[in-house]
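Colleague: Dropping a structure here in structure tokens format, bear with me for questions.
Derivation of every value follows stated rules applied to the coordinates shown; laboratory data play no part. On a predicted model such as this, the values are computed, not experimentally measured, just so you know. For neighbour counting, all protein chains shown are included, and Cβ atoms are generated from backbone atoms with ideal geometry for every residue, glycine included.
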């Protein structure tokens, strides 16, 4: 009996893998899994929840992203990893841990090729738009109410991360002082090395000021550590028919071999800086007024931060946030945005550079 089409996976001469999921493959795979068909070796599938019936048809999600996501039957999303890695991936365990968390797309299955993660299968959220669309609309219109909802969502996520489960029976750690400062300085040095031209010269001239902002990391005390999202920006928050949902638990694409447990402040810092990036996008692509946009960024950052802290307090988890770490992590994140631009999306550099130039004018 022939199998329905599945992706092709090629071993490159350097040992890396390359995946190709052509037209029709996603629909074929999802419908096969829904009817309980076994995948062709060496593919294996870890089921997380029963798949619904999937109508015919598929369409790709075309926004900028590191991976390749396809919607099957307007019901299920398959995120394919074009360069599958054999390294441990955070998403399968996190999605298992968050089984009772309702503010994300329902995870259905994880697909492997040998020991390499090649795809995540989750529910499609009707009418979903990511933050690089809906949040830019909010910025252009000057609306700020959403920030309270997003802050609450982030707090609910962290409270769920800090709650024991079979996957993570001991979800909160308080280890000796981690090496936060070394990681931040490494990001700064790599960003400087990868950023050329006037932007690189500007960064070099501001080295002292930027590194001074990360200095508190060297003397940071012991702080609770949890499994965080790891790449929490507005692009990972979908606005859909029933509100907002957080998705994509793949970790930060600029970080390799990071410690699994991290401070909640790292997620919060990235989420806050992404609001600054929304402002940059609104000004460049939508001709938003710079002064009005700057005021909007200040307002929504304040609302989001307050709602996040209140949300943690309401959940009895206020001690998860060490506020002194937020600003240093924001500086590190802007360096990581520059690294991401250099490695994956050169045209993105304007956003972190615009933020840094505004911060260190």
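Colleague: How much FRET efficiency would the formula 1/(1 + (r/R0)^6) give for residue 201 and residue 259, where r is the Cβ-Cβ distance and R0 is 22 Å, rounded to 0.05?
Modeller: For residue 201 and residue 259, the calculated efficiency is 0.10.
Colleague: May I pose another question? Between the stretch 252-276 and the stretch 99-170, what is the separation of their alpha carbon centroids in Å?
Modeller: Measuring centre to centre over Cα atoms gives 15 Å.
Colleague: Helix-derived [θ] at 222 nm for the chain: sum -39500 (n - 2.57) over DSSP H runs of at least 4, divide by residue count, nearest 500?
Modeller: -13500 deg cm²/dmol
Colleague: A further question on this structure: Quick one: 71, 339, fewest Cβ neighbours within 10 Å first, how do they rank?
Modeller: Ordered from fewest to most neighbouring Cβ atoms within 10 Å, 71, 339 come out as 71, 339.
Colleague: Please order 81, 43 by the number of other Cβ within 10 Å, starting at the fewest. Don't skip to the end; give the middle numbers.
Modeller: On the way: 81 21, 43 18.
Placing the least packed residue first, the sequence is 43, 81.
Colleague: Where in the stretch 224-255 does the amide nitrogen come within less than 20 Å of the point 7 Å from the Cα of residue 318, taken along Cα to Cβ?
Modeller: Those under the cut-off are 224-226.
Colleague: Roughly what percent of Cα-Cα pairs across the stretch 129-359 reach past 27 Å?
Modeller: 32 percent
Colleague: For the chain, take the longest principal axis of its alpha carbons; what is the angle in degrees between that and the long axis of helix 264-286, to the nearest 10 within 0 to 90?
Modeller: Taking Cα atoms only, the helix is inclined about 90 degrees.
Colleague: Report Rg(Cα)/(2.2 N^0.38 Å) for the stretch 1-97, keeping two decimals.
Modeller: In units of the 2.2 N^0.38 Å rule of thumb, it is 1.11.
Colleague: Further, regarding this structure: Between residue 11 and residue 53, take the C-beta separation as r, use R0 = 45 Å, and let me know the FRET efficiency to the nearest 0.05. Could the numbers behind the result be given before it?
Modeller: Numbers: r = 35 Å, r/R0 = 0.79.
Between residue 11 and residue 53 the formula returns 0.80.
Colleague: Counting other beta carbons within 10 Å of each residue's own, what order do 271, 94 fall into, fewest first?
Modeller: Starting with the residue having the fewest Cβ neighbours, the order is 94, 271.
Colleague: Hey, what angle do you get for helix 350-359 against the long axis of the chain, alpha-carbon based, 0 to 90 degrees rounded to 10?
Modeller: Between the helix axis and the principal axis of the chain, the angle is about 30 degrees.
Colleague: Further question: Explain nothing, just the number: relative contact order of the stretch 129-359, from Cα pairs under 8 Å at least 6 residues apart, as a whole percent. Can you show the working numbers first?
Modeller: Working: 320 pairs, mean separation 78.6, N = 231.
Relative CO of the stretch 129-359 lands at 34 percent.
Colleague: Roughly what % antiparallel, to the nearest 5, for the DSSP beta bridges in the stretch 129-359?
Modeller: 100 percent
Colleague: Output the 0 to 90 degree angle, nearest 10, between the alpha-carbon long axis of helix 25-34 and the longest principal axis computed from the alpha carbons of the chain.
Modeller: Around 70 degrees separate the two axes.
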